[in-house]
1. Evaluate the following for Ser134: is it within 16 Å of the ligand (Cβ to nearest atom) and either in contact (Cβ under 8 Å) with a residue 40 or more places away in the chain or in a helix (DSSP H, G or I) (or both)?
2. Kindly provide the set of residues from segment 66-98 that are exposed (fewer than 15 other Cβ atoms within 10 Å of the Cβ), away from the ligand (no atom under 13 Å from the Cβ) and not charged (D, E, K, R), ordered by number.
3. Answer yes or no as to whether Tyr150 is within 15 Å of the ligand (Cβ to nearest atom) and in contact (Cβ under 8 Å) with a residue 40 or more places away in the chain.
4. Pick out the one residue from Ser63, Ser44 that is within 13 Å of the ligand (Cβ to nearest atom), closer than 17 Å to Leu278 by Cβ and either in a loop (DSSP other than H, G, I, E, B) or among the small types (Gly, Ala, Ser) (or both).
5. Among the residues of segment 146-162, are any surrounded by fewer than 24 Cβ atoms within 10 Å (Cβ to Cβ), closer than 22 Å to Asp86 by Cβ and aliphatic (A, V, I, L, M)?
6. Hey, which of the strands (runs of 3 or more DSSP E) in segment 184-291, taking only ones fully inside, have at least 1 residues that are polar (S, T, N, Q) and touching a helix residue (DSSP H, G or I) at 6+ places or on another chain (Cβ under 7 Å)?
7. With respect to Lys202, is the statement that it is charged (D, E, K, R) and either within 19 Å of Ser158 (Cβ to Cβ) or within 16 Å of the ligand (Cβ to nearest atom) (or both) true?
8. For the list (1) under 20 Å from Glu109 (Cβ atoms); (2) in contact (Cβ under 8 Å) with a residue 12 or more places away in the chain, I need the number of the one condition that Asn85 fails.
Amino acid sequence: MILDGKKISLEIQDEIAAEVLKIKSSGKKIPHLAAILVGNDGASETYVGAKVKACEKAGFHSSLFRMPAAITENELLNKIIELNNDPNIDGFIVQLPLPSHISSQKVIETISPEKDVDGFHPVNVGRMVLNLPSYLPATPFGIIQLMKRYNIETTGKSCVVIGRSQIVGTPMSILLARNSYPGNCTVTLAHSKTKNLNEICKSSDIIIAALGKPEFLNANMVKDGAVVIDVGITRVPAQNSKSGFKLLGDVKFDEVVEKCSFITPVPGGVGPMTIASLLMNTLKANRKEIY
Ligand code: GUN
């Protein structure tokens, strides 16, 4: 079965819009998400544009702050402090990657954990590891939601997460190992130094491909009935597309699909779910559900 991330994301966004109507009619403050975009990176423009559009559709307030690529680190940190102290803004994100003269880590640590709806601040990461209420990072949270909505069994399953990035692989491995649903998997976190990756994949019930190598996972690496989640989104040039590029996942979809019980497509799988995650986190921020 193909997991329809686009459909589920829209369902969640509709549910959130219904919640916003209730908030409005009770006279309470409407959720407000802000985003800071530094420079003019094409992919970042697209992602932030999609986030702002989704906010508007759900009935949230949204603010987009555009900063020039040449902004100093201090100027950016001051903007973050301003948003931390703005009672109108429930949560905000600073779109990554940032220009190389700015430390992303410093930026992340300057965001108040209470407003860190990306879930990147060490306080939120620590709370996630401890299984305390926290904002979960958008991609792993989206995958968890997708598994939940399709009732995918995870308890006692073996799972390999390929790729140990801070924002996808590492948190994904923790969430799937937690004592909850989805969770209770026996997780292997594989990375560039892993030996016998083919064998590990072949023996896994669930494979999360998040290494950023287009079409890396082939049918020989997948056992019959496996669940395959493809987090890859590499842009490659394509002559006959309007945008001039197409998106490739980390999975050879056409051959792997034959073996899977569930698989996510690219595009239309994990990607759209990240938007739903961000809105869910912003709603939580608005309701002060975490802090
Ligand atoms: N760049 C790629 N993914 C993300 C994300 O989830 N949040 C932010 N802020 N930047 C990103």
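1. On the way: within 16 Å of the ligand (Cβ to nearest atom): yes; either in contact (Cβ under 8 Å) with a residue 40 or more places away in the chain or in a helix (DSSP H, G or I) (or both): yes.
Criteria met by Ser134.
2. Pro68, Ala69, Ala70, Thr72, Asn74, Asn78, Ile81, Asn85, Pro87, Asn88
3. So Tyr150 fails the test.
4. Ser44
5. no
6. Hits in segment 184-291: 186-190.
7. yes
8. Result: Asn85 passes all but (2).
The values are calculated or read from the model by the stated rules, or taken from the named source; none is laboratory data. Keep in mind that this is a model prediction, so the values were computed, not measured. All Cβ positions, even for glycine, are placed from backbone atoms using ideal geometry, and neighbour counts span all protein chains on display.
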